[in-house]
Amino acid sequence: KNQVEQSPQSLIILEGKNCTLQCNYTVSPFSNLRWYKQDTGRGPVSLTIMTFSENTKSNGRYTATLDADTKQSSLHITASQLSDSASYICVVSQITGGFKTIFGAGTRLFVKA
Amino acid sequence: GAVVSQHPSRVICKSGTSVKIECRSLDFQATTMFWYRQFPKKSLMLMATSNEGSKATYEQGVEKDKFLINHASLTLSTLTVTSAHPEDSSFYICSASKLAGAYEQYFGPGTRLTVT
């Protein structure tokens, strides 16, 4: 069964600290993996997108890694800011004649002053 | 580039009425548009996929007569919730893709629907 599992479910960190969010997937055949940030009451905003051959991709203070062999990805946030408080969603696309997209449940991050 | 807008951002309607939500790609042509529903603290649930000029493909369990989707142009898709009931209250989000399929999706800001 194609699944995307994220951990932790929620996380509280202090402003300025770093954190890492995890995403494990069983989607096959794999096309790409994306990380989105979703503020409460808003639509998701793309942070990174990686294909099979990419191991890491950065977007400012966000760095995503991908290990296609172990089917794991992580999103590392450096020097967190209060505005980083949001849900972070891992999305994996599968090629099945067309594209099928599987969403993770998300990690809710709370950054405290 | 790649901005997607939704209108309205919030709507309150009475039970039994119909509500139309618009999704527009502002600076690109969207070959494919997607409609999602999101419950509080839950992830997005895909409702349907629509390609311009053709009928939408609905996910299992989504009533096509209840949620009418029209993708009349490459920049506009509409979702109409017909005969809305309180259980239809939710956050509805659309996304658009430049290419056929879902390689890169650009999400709209969402529409909060409350049915009283």
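Read-outs: derived from the displayed coordinates by stated rules, not from any lab. Since the model is a prediction, treat every value here as computed from it, not as a measurement. Note that we place each Cβ from the backbone using ideal geometry, even for glycine, and neighbour counts take in every protein chain shown.
Annotations
- Exercise: per-residue mean of other protein chain Cβ atoms within 10 Å, A:101-107: 4
- Listed from fewest to most Cβ neighbours within 10 Å, the set B:LEU79, A:LEU109 follows the order A:LEU109, B:LEU79.
- Karplus-derived 3J(HN,Hα), 6.51/-1.76/1.60, for each residue of the range B:28-35, Hz, glycine and proline x: 7, 8, 9, 5, 10, 10, 10, 10
- Cα centroid separation - the range A:1-59 against the range B:58-83, whole Å: 28 Å
- Once the gyration tensor of the Cα atoms in chain B is diagonalised, the equivalent ellipsoid follows with semi-axes of 22, 14, 13 Å, ordered largest first.
- Relative contact order (percent, whole number), chain B, Cα cutoff 8 Å, 6+ residue spacing: 37 percent
- 16 Å Cα-Cα reach of A:LYS100 towards lysines, excluding residues that sit fewer than 8 places from it in its own chain: A:LYS1, B:LYS98
- Between amide H atoms placed 1.01 Å from N, distances below 5 Å from A:THR101 occur with A:GLN94, all of them 5 or more places distant or on a separate chain.
- Number of partner chain Cβ atoms within 10 Å, mean per residue of B:38-44: 6
- In order through the range A:77-91: 3J(HN,Hα) via Karplus (6.51 cos²θ - 1.76 cosθ + 1.60), integer Hz, x for Gly, Pro: 10, 9, 6, 4, 10, 4, 6, 6, 4, 4, 9, 10, 10, 9, 10
- Peptide B:61-74 has a mean shielding of 0, counted as Cβ atoms of other protein chains within 10 Å of each residue's Cβ.
- Residue exposure proxy: A:SER74, B:SER5, A:SER53, ordered by other Cβ atoms within 10 angstrom of their Cβ from fewest to most, comes out as A:SER53, B:SER5, A:SER74.
- Sorting A:VAL111, A:VAL4, A:VAL45, B:VAL62 by the number of Cβ atoms found within 10 Å of their own Cβ, with the fewest placed first, yields A:VAL45, B:VAL62, A:VAL111, A:VAL4.
- Converting phi to 3J(HN,Hα) with the Karplus coefficients 6.51, -1.76 and 1.60 and the offset θ = phi - 60°, the range A:14-25 yields 8, 3, x, 7, 9, 8, 10, 10, 10, 9, 10, 9 Hz in sequence order, with x at every glycine or proline.
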